[in-house]
Structures are given as C-alpha cells and as structure tokens.
Amino acid sequence: MFLEAYLPFIWLIIFGNIENLILASQGVVKGVNPIKLGLLSIMFVIFWLFIGTAGTTLLMDYSEVIDFIGGLAIIILGLQSMLETIRFKSTGV
C-alpha cells in the first residue's frame, strides 16, 4: 500500500504539524498579519510535502536518523517559541 512507505516517518509528520501550529501562534503573538501568515504557512506545507515525498523514496534507509533530527529540531523550535512567548507576555515587548 502507498501509505506504508510513510509509516517510518509518522511521528515526524505528527510533530511537524504541531510545530507548524506553534510557529503560527508565535507569529500571531508577534502581531503578524494572519492572512499573510496563513498563506505563507500553506505555501511552506506544500513545499515540504513535495520535498518529503521525494525524500521518502530516496532516503528510506535513514528514516530513524531523519526522525531523530527532525524531532529534535521540532522540540528546539517549540521551546524557543514558548520562551519567546513567555518573555513577550512578561515584558510586553
């Protein structure tokens, strides 16, 4: 089945979507225009869909390494977003 090719990347897909929401909320907190933010978000999701589809077929042997690196990046970006939000809320800057 076609979807079985993506099973090794399922956690990266799930956490990637969560990170997209975190980055969008960070943009809202900073006062970014929500329409521009939404359009850019959709463009990047489509862009990464094409890269991920091609990369899955080429790099399946490295799925565990890709999952780890992607998950680590998602955690770091999420923590950065939360810390900036906390700092923004406490200082108002």
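The values are calculated or read from the model by the stated rules, or taken from the named source; none is laboratory data. Remember, it's a predicted structure, so these values are computed and weren't measured experimentally. A quick note on method: Cβ atoms are made from the backbone with ideal geometry, for glycine too, and the neighbour counts reach across all protein chains shown. These accessible areas exclude ligands, DNA and RNA; they are computed on the full protein's heavy atoms, side chains included. Shrake-Rupley method; radii C 1.70, N 1.55, O 1.52, S 1.80 Å.
Structure notes:
- Scan of region 27-50 for residues that are in a helix (DSSP H, G or I) and open to solvent by less than 70 Å² (accessible area, probe 1.4 Å), ordered by number: Gly27, Val29, Leu37, Gly38, Ser41
- Among residues of region 83-93, those that are modelled with pLDDT under 80 and of a type in the set (A, V, I, L, M), counted: 1
- Only one of the listed residues (Thr53, Thr57) is open to solvent by 70 Å² or more (accessible area, probe 1.4 Å) and among the polar types (S, T, N, Q). That residue is Thr57.
- Candidate set from region 60-83 (those that are more than 14 Å from the chain's Cα centre (by Cα) and open to solvent by 50 Å² or more (accessible area, probe 1.4 Å)); member that is nearest to Ala24 (Cα to Cα): Met82
- Checking Gly55, Gly31, Gly78 one by one, the residue that is touching a residue at least 60 places away in the same chain (Cβ under 8 Å) and either over 20 Å from Pro8 (Cα atoms) or of a type outside the set (Val, Ile, Thr) (or both) is Gly78 and no other.
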